[in-house]
Amino acid sequence: IDVKSPMNPIHWFLNGKDDVRSSYFLEDVATEFHVQGLELDWACIAWDGDLRYSNDGWKTHEFRGSKWLNINKEERKQYLINAYRVLLTRARQGMIIVVPNGDTEDPTRKPEYYDATFNYLKSLGIQVI
């Protein structure tokens, strides 16, 4: 998920159900930078093709131009893994992890980018809903 426009944390975290800028509407996306240091009751994490599980462990990628590229620098690999770690440790009561279905007709969203990650998370006991 490419977050191009920043959300306003004051509106997102504090406004109620009558304000479309609040988190109730899911119109704006909060990144790991917005939620670092916060404890949220519930979180919804959208998993993308940038961090993929394989038999060899986690593989890191970045989307550049029109395709996915491997991340080779160790520091950048760790940065991406830590971004997911921040997002996955914010919820106190529960979370939803969304791993999208791949699309065989879209070369940027091939099923193999997502299926192994989905199956790995499922094997850990995460309930599929």
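Filtering the stretch 52-66 to residues that are in contact with a Ser or Thr (Cβ under 8 Å, 6 or more places away or on another chain) and in a strand (DSSP E or B) leaves 52, 53, 63. Report, by residue number, each residue of the stretch 107-129 that is closer than 17 Å to residue 70 by Cα, of a type in the set (S, T, N, Q) and modelled with pLDDT under 95. 108 - this is the single residue of the stretch 107-129 that is closer than 17 Å to residue 70 by Cα, of a type in the set (S, T, N, Q) and modelled with pLDDT under 95. Of 81, 96, which residue is assigned to a helix (DSSP H, G or I), out of contact with any Phe, Trp or Tyr (no Cβ under 6 Å at 6 or more places or on another chain) and β-branched (Val, Ile, Thr)? Answer to the selection: 81.
Results for (1) in the same structural domain as residue 96 (by TED's automatic domain parsing); (2) out of contact with any strand residue (DSSP E or B) (no Cβ under 9 Å at 6 or more places or on another chain); (3) among the polar types (S, T, N, Q), shown as yes or no for each residue.
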site	(1), (2), (3)
35	no, no, no
38	no, yes, no
53	yes, no, no
61	yes, no, no
66	yes, yes, yes
75	yes, yes, no
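Close contacts from the stretch 111-129, counting a first residue that is over 14 Å from residue 101 (Cβ atoms) and of a type in the set (Phe, Trp, Tyr) and a second that is surrounded by 12 or more Cβ atoms within 10 Å (Cβ to Cβ) and modelled with pLDDT of 95 or more, with Cβ to Cβ under 6 Å and a gap of 6+ residues or different chains, come to 120/53.
Residue pairs whose Cβ atoms lie under 7 Å apart, sitting 6 or more positions apart in sequence or on different chains, and linking a residue in the stretch 4-25 that is under 15 Å from residue 42 (Cα atoms) to a partner that is surrounded by fewer than 14 Cβ atoms within 10 Å (Cβ to Cβ) and among the basic types (Lys, Arg), are 24/17. So which residues in the stretch 87-97 are under 20 Å from residue 62 (Cβ atoms) and surrounded by fewer than 16 Cβ atoms within 10 Å (Cβ to Cβ), if there are any at all? The one that is under 20 Å from residue 62 (Cβ atoms) and surrounded by fewer than 16 Cβ atoms within 10 Å (Cβ to Cβ): 88. Residue 49 falls short on exactly one of the conditions (1) more than 21 Å from residue 125 (Cβ to Cβ); (2) free of Cβ contacts under 8 Å to residues at least 24 places away in the same chain; (3) outside any strand (DSSP E or B), and that condition is (2). Checking each residue in the stretch 20-46 for being of a type in the set (D, E, K, R) and either under 19 Å from residue 99 (Cβ atoms) or part of a strand (DSSP E or B) (or both) picks out 32, 41.
The values are calculated or read from the model by the stated rules, or taken from the named source; none is laboratory data. Here the structure is a predicted model, which means the values were calculated and not measured. Every residue, glycine among them, receives a Cβ derived from its backbone with ideal geometry; neighbour counts consider all protein chains shown.
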